[in-house]
Every structure is written in C-alpha cells, then in structure tokens.
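K.L.:
My questions all concern the structure below.
The values are calculated or read from the model by the stated rules, or taken from the named source; none is laboratory data. All of these numbers come straight from a predicted model, not from anything done at the bench. Methodologically, a virtual Cβ is constructed for each residue, glycine included, from the backbone with ideal geometry; neighbour enumeration extends over all protein chains shown. These accessible areas exclude ligands, DNA and RNA; they are computed on the full protein's heavy atoms, side chains included. Shrake-Rupley method; radii C 1.70, N 1.55, O 1.52, S 1.80 Å.
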Amino acid sequence: MASIALPARAEEKISPEARAYFKNGVELLKGEAPNYQDAYYQFKLAYEKSKSWKVLGNYGLCALKLERDEEAIAFYDEYLKGGGKRIDKDEREAIERDLLLVKGNDATLDVSASASEFTLLDARARSSLGAQSYAITDGKRSLTLRAGEHHAVATAPDGRTLTWDFLLEPGQRASHHFDFDAPPPSAAKEVLPPPAPQAGLAASPPSPSEAGSGLRTAGFITAGIGVLALGSSVITGLMAKSQEHAATSQCNANRVCDPAAEGAFDKGTNLSHVTNYLLIGGGAATALGVGMIAIGWPRGTEHTNESASNVRIEPLLAPGTGGLLATGRF
C-alpha cells in the first residue's frame with residue numbers, strides 16, 4: 001500500500017492563521033450534518049501552516065469519511081505517533097479500529113498517463129459522497145481506493161478528458177493507463193451508393209445468359225397459355241358435340257326438327273366457333289412460346305449445344321387433344 005510522505009514535525013509556535021483554519025474545520029464538523037468536504041480543506045490548510053500533529057486527528061477523520069483512505073491511514077498513523085501517551089486510550093482504540101476496517105476493504109490502483117501531469121476525478125458507485133479529485137504528477141501514481149464500482153475521469157492540463165469504469169475487489173491491485181494522445185475511435189465507415197454511370201458511357205448490356213434466361217421465361221409463360229387454350233378447346237368441342245346431338249335427337253328421319261331444337265343448334269354452332277378460335281390461338285401461342293424457349297436456351301458450351309440439338313419441344317395438335325411433345329435422342 002502506498003504511503004504519503006508527511007513533512008517532518010517541527011516544534012514551533014502555531015500561528016493565529018493556522019488556529020483560525022483549525023477552528024473553522026471544527027465548526028464545520030459540529031453542524032447537524034457534518035461538512036467533511038469543506039472541513040477537510042480547512043484542516044489541510046491548518047496543517048500546512050502549523051505542521052502540528054494535533055491537526056492530523058481531525059484531518060485523518062475527514063479523509064476517512066471522504067473515502068480518501070490512503071491519506072486517512074497516513075494521517076492517523078502520524079497522529080498516533082506524534083501524540084504518543086498524550087492521546088486518550090479510548091480515542092486511540094477507536095482510531096485503530098477504523099484503520100483496521102479501512103485496510104480490510106481497500107484496493108490499490110496504479111494509474112499512469114501520457115501527460116506528465118493530470119487530474120483524476122474518482123467516484124464510487126452507491127456512495128453518498130461526492131467524487132474525489134487527485135492531482136497526479138510525474139505521469140503516474142498509486143492510489144488506495146475503497147473496493148467497489150468506480151467511475152474515473154482523467155483530465156490533462158490542456159482540457160482533454162478520458163473516462164474509465166472499473167471494479168475493485170478488496171485487496172486487489174489494478175492498473176490503468178490514460179493515453180491522451182491516442183486517436184479517437186474511428187467512426188463507422190459510411191456506406192456510399194454505387195457511382196452513377198459517367199456521361200457519354202452507355203450502361204453495359206446484359207450478358208447473353210441473362211437475356212436468354214428472360215426470353216426462356218417469357219417463352220414458358222406463352223407456351224403455357226397456349227396449352228391452356230388448347231385444353232379449353234377440347235372441352236368446348238365436346239360441349240359443341242353434345243349440343244348437336246341434343247338438337248338432332250329432336251328431328252325425324254326427314255330432318256324435320258322440333259322448334260325447340262333451334263336453340264340447341266345455335267349453342268352447338270357458337271361452341272364450335274369458340275373451339276376453332278381456341279385451337280387456332282392456342283396453337284399459335286404454343287408455337288410462339290416454344291420458339292422463344294429454343295432461342296433463349298443457353299449456348300455457352302458444346303455440351304449445352306448438343307443437348308439443345310438432341311431435345312426438341314414441339315406442339316402436339318390433334319383432333320380432341322393438345323399440348324407439348326418433347327422428342328430427342330437418348
């Protein structure tokens with residue numbers, strides 16, 4: 001554990017100024033809510049002006065309450081040594097108990113920085129006290145801190161600051177270096193859209209395989225529509241035959257028909273026309289689709305060319321049926 005070097009005790013008369021600082025500190029401790037922070041600085045000035053061991057008892061008490069344990073231990077040790085037997089037994093025992101409790105719950109932090117001098121502001125989580133400031137020279141220092149979660153802010157003379165959150169366990173020794181010269185974390189790289197084509201330059205045309213793929217897709221759709229039309233023509237053809245049979249059944253051997261048969265003849269004729277339209281349109285669409293498929297078929301390799309020449313898709317048109325027929329060599 002690091003120790004604080006105190007000036008050698010000098011047996012000198014205490015100045016009125018030192019007595020005034022000491023009195024101010026005592027008054028701050030007598031309030032209903034003792035002001036340890038302000039009293040700490042009053043006793044600090046009283047000691048600097050007097051170098052008297054008598055100030056160190058109250059100085060050490062304020063340091064202890066502010067969790068400046070390194071200073072509290074040094075001040076109390078010097079107070080007990082300077083007072084010797086003049087210190088009341090109960091007071092000595094109370095101080096020794098406080099020192100034992102503090103030493104059992106303390107940890108050591110070695111801090112350094114790229115700056116030769118900096119200030120460290122330390123705050124312990126869930127503590128009712130304010131953050132404590134430590135002036136650090138020579139770029140490094142060992143601090144005795146109360147165990148727990150801490151938030152530290154290091155400030156360089158030119159105002160640059162760095163923060164660090166850390167956890168200390170009782171008896172642990174930790175270290176940290178504040179590098180004020182390190183570059184800030186790089187910002188996330190901005191994702192830029194692809195550059196627009198330069199003026200006067202045409203966009204590159206799609207590759208043959210891409211163009212062929214789109215043509216094949218359109219061919220399959222067109223051929224599919226043609227096949228559906230051919231299939232529908234089969235249905236309408238059967239319906240036309242059915243209407244014709246229903247009409248002729250109402251006629252005698254001399255082809256004299258019942259007037260009611262006229263409607264059936266008309267329906268049969270209309271269905272026949274629809275069947276013809278579907279056969280012609282479906283056949284044309286199927287043939288067109290097959291042609292588009294053949295044109296768009298990939299021709300990247302000899303194997304592909306051979307496969308294209310060995311397999312053919314042809315429309316199948318026959319009375320009462322329709323569809324696609326694949327032929328080739330195996």
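K.L.:
Run down Leu109, Leu167 and say which single residue is on the phi < 0 side of the Ramachandran plot, touching an Asp or Glu at 6+ places or on another chain (Cβ under 8 Å) and modelled with pLDDT of 95 or more. Walk me through it before giving the result.
P.N.:
Details: Leu109 fails: touching an Asp or Glu at 6+ places or on another chain (Cβ under 8 Å).
Residue meeting the stated conditions: Leu167.
K.L.:
Further question on the same structure: Looking at Leu99, Leu121, can you tell me which residue is free of Cβ contacts under 8 Å to residues at least 60 places away in the same chain, in contact with a helix residue (DSSP H, G or I) (Cβ under 9 Å, 6 or more places away or on another chain) and closer than 15 Å to Arg68 by Cα? I'd like the intermediate steps shown before the answer.
P.N.:
Numbers: Leu121 fails: in contact with a helix residue (DSSP H, G or I) (Cβ under 9 Å, 6 or more places away or on another chain).
Answer to the selection: Leu99.
K.L.:
Under 7 Å between Cβ atoms, at least 6 apart or on separate chains: pull out the pairs that start in the range 38-66 with a residue that is touching a residue at least 12 places away in the same chain (Cβ under 8 Å) and end on any residue that is among the β-branched types (Val, Ile, Thr) and buried (at least 18 other Cβ atoms within 10 Å of the Cβ).
P.N.:
Matching pairs, first to second residue: Phe43/Val55; Ala46/Val55; Tyr47/Val55; Leu64/Val102.
K.L.:
On the basis of being within 17 Å of Gly219 (Cβ to Cβ), at pLDDT below 75, within 59 Å of the chain's Cα centre (by Cα) and buried (at least 16 other Cβ atoms within 10 Å of the Cβ), does Leu288 make the cut? Steps first, answer last, please.
P.N.:
Numbers: within 17 Å of Gly219 (Cβ to Cβ): yes; at pLDDT below 75: no; within 59 Å of the chain's Cα centre (by Cα): yes; buried (at least 16 other Cβ atoms within 10 Å of the Cβ): yes.
So Leu288 does not fit the description; no.
K.L.:
Can you go through Phe118, Phe75 and tell me which one is of a type in the set (Phe, Trp, Tyr), under 50 Å from the mean Cα position of the chain (by Cα) and over 28 Å from Asn24 (Cβ atoms)?
P.N.:
On the way: Phe75 fails: over 28 Å from Asn24 (Cβ atoms).
Unique residue meeting the criteria: Phe118.
K.L.:
Additional query: Might you let me know whether the range 120-137 holds any residue that is among the acidic types (Asp, Glu) and more than 25 Å from Asp38 (Cα to Cα)? So that I can check it myself, show each step before the final result.
P.N.:
To start, the set of residues in the range 120-137 that are among the acidic types (Asp, Glu) comprises 122.
Then keep just the ones that are more than 25 Å from Asp38 (Cα to Cα); that gives none.
The answer is no; no qualifying residue exists.
K.L.:
Right, another one. Any chance you could count how many residues in the range 37-83 are hydroxyl-bearing (Ser, Thr, Tyr) and surrounded by fewer than 20 Cβ atoms within 10 Å (Cβ to Cβ)?
P.N.:
Taking the range 37-83 as the starting set, the residues that turn out to be hydroxyl-bearing (Ser, Thr, Tyr) are 40-41, 47, 50, 52, 59, 76, 79.
Going one step further and asking which of them are surrounded by fewer than 20 Cβ atoms within 10 Å (Cβ to Cβ), we end up with 41, 52.
Matching residues across the range 37-83 total 2.
K.L.:
Go through (1) open to solvent by less than 70 Å² (accessible area, probe 1.4 Å); (2) more than 24 Å from Tyr277 (Cα to Cα); (3) at pLDDT below 75; (4) not hydrophobic (A, V, I, L, M, F, W, C) one by one and return the number of the condition Thr248 breaks.
P.N.:
(3)
K.L.:
Right, next: Looking for whichever is closer than 28 Å to Gly289 by Cα, of a type in the set (Gly, Ala, Ser), under 60 Å from the mean Cα position of the chain (by Cα) and modelled with pLDDT of 70 or more here; the options are Ser213, Ser233, Ser207, Ser272. Which one fits? Break it down stepwise before answering.
P.N.:
Details: Ser233 fails: under 60 Å from the mean Cα position of the chain (by Cα); Ser207 fails: modelled with pLDDT of 70 or more; Ser272 fails: under 60 Å from the mean Cα position of the chain (by Cα).
Every option except Ser213 fails the conditions.
K.L.:
Any residue that is open to solvent by 40 Å² or more (accessible area, probe 1.4 Å) and either within 23 Å of Asn35 (Cα to Cα) or free of Cβ contacts under 8 Å to residues at least 24 places away in the same chain (or both) - is there at least one of those in the range 138-145?
P.N.:
Scanning the range 138-145 turns up at least one residue that is open to solvent by 40 Å² or more (accessible area, probe 1.4 Å) and either within 23 Å of Asn35 (Cα to Cα) or free of Cβ contacts under 8 Å to residues at least 24 places away in the same chain (or both).
K.L.:
Just to verify a result, which residue in the range 216-230, among those that are open to solvent by less than 40 Å² (accessible area, probe 1.4 Å) and within 53 Å of the chain's Cα centre (by Cα), is farthest from Ser272 (Cα to Cα)? Walk me through how you get there before you give the answer.
P.N.:
Going residue by residue through the range 216-230, those that are open to solvent by less than 40 Å² (accessible area, probe 1.4 Å) are 218-219, 222-224, 226, 229-230.
From what's left, within 53 Å of the chain's Cα centre (by Cα): 218-219, 222-224.
Details: Ala218: 30, Gly219: 29, Thr222: 24, Ala223: 23, Gly224: 23 Å.
Residue satisfying both the conditions and the ranking: Ala218.
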